[in-house]
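Undergrad: Following this message is one structure expressed as C-alpha cells.
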Amino acid sequence: KFQTGSTNTVQKVSEFEYNLSFNNATTWLGLYYNDAKSTDVALTRKMLNGELNGYGLTATENATNYPIALYPVGYKTNIDEVNTKFDNATMDYSAYIQGRGVAEVKLHLNVQRAEA
C-alpha cells in the first residue's frame with residue numbers, strides 16, 4: 001500500500017518489483033501482518049547497505065490498513081535533498097511486534113532523481 005497522493009505513478013514490473021515516482025521524500029510504504037491490533041507495539045530496525053540507519057519504537061499505525069509505516073528515505077520534504085547513499089542501495093527492514101515475533105523486509109532502492 002502506498003500513501004494516498006504521495007506518488008505520481010505506481011507501475012508493477014513483476015510480483016515483487018514496482019517502479020515508483022515519488023512527489024517527495026516523505027512517502028511511506030504500508031506494511032501488513034495478520035491479525036494486527038491497534039494496541040500492538042513494534043520495534044523496528046532499518047539497515048542501509050549493511051549499516052544501521054535507524055531504530056524506531058511505534059504503536060500500530062492503522063490495524064486494518066497498514067500496521068507498520070516504513071519511510072524508505074526518511075522525513076525530508078524534497079526528494080532532491082536525499083543523500084546519495086540511497087542511490088542503488090539495499091535496505092533491510094526488521095520489525096519485532098510485541099508478542100508476535102519478527103517480520104523482515106528487504107528492499108532494493110535504485111533512486112533516480114527527475115531531471116530539473
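The values are calculated or read from the model by the stated rules, or taken from the named source; none is laboratory data. Bear in mind that the values here come from a model prediction, so they are computed numbers and not experimental data. Here the Cβ positions follow ideal geometry from the backbone for every residue, glycine too, while neighbour counts run over all protein chains shown. To get the accessible areas, we keep the full protein, side chains included, count just its heavy atoms, and leave off ligands, DNA and RNA. Shrake-Rupley method; radii C 1.70, N 1.55, O 1.52, S 1.80 Å.
Undergrad: Which numbered condition in (1) more than 21 Å from Thr84 (Cβ to Cβ); (2) touching a helix residue (DSSP H, G or I) at 6+ places or on another chain (Cβ under 9 Å) is the only one that Asn49 fails?
TA: The failed condition is (1).
Undergrad: For Ala42, state whether it is small (Gly, Ala, Ser), modelled with pLDDT of 80 or more, surrounded by 12 or more Cβ atoms within 10 Å (Cβ to Cβ) and not in a loop (DSSP other than H, G, I, E, B).
TA: yes
Undergrad: Which residue pairs have Cβ atoms closer than 7 Å, lie 6 or more positions apart in sequence or on different chains, and pair a first residue in the stretch 101-116 that is under 14 Å from Tyr18 (Cα atoms) and open to solvent by 90 Å² or more (accessible area, probe 1.4 Å) with a second residue that is at pLDDT 75 or above and β-branched (Val, Ile, Thr)?
TA: As it stands, the answer is His108/Thr90, since those pairs meet every condition given.
Undergrad: Which one is modelled with the lowest pLDDT among residues in the stretch 59-83 that are within 11 Å of Thr27 (Cβ to Cβ) and not in a loop (DSSP other than H, G, I, E, B)?
TA: Ile79
Undergrad: Take the stretch 19-39 and flag every residue that is within 17 Å of Ala103 (Cα to Cα) and either touching a strand residue (DSSP E or B) at 6+ places or on another chain (Cβ under 7 Å) or open to solvent by 40 Å² or more (accessible area, probe 1.4 Å) (or both).
TA: Matches in the stretch 19-39: Leu29, Gly30, Leu31, Tyr32, Tyr33, Asn34, Asp35, Lys37.
Undergrad: Go through the stretch 45-58 and give me each residue that's surrounded by fewer than 11 Cβ atoms within 10 Å (Cβ to Cβ) and not charged (D, E, K, R).
TA: Gly50, Leu52, Tyr55, Leu57
Undergrad: Continuing with this model, one more query. Please count how many residues of the stretch 1-39 are at pLDDT below 75 and of a type in the set (Phe, Trp, Tyr).
TA: Counting residues in the stretch 1-39 that are at pLDDT below 75 and of a type in the set (Phe, Trp, Tyr) gives 3.
Undergrad: Is there a residue being touching a residue at least 24 places away in the same chain (Cβ under 8 Å) and open to solvent by 30 Å² or more (accessible area, probe 1.4 Å) anywhere in the stretch 8-17?
TA: no
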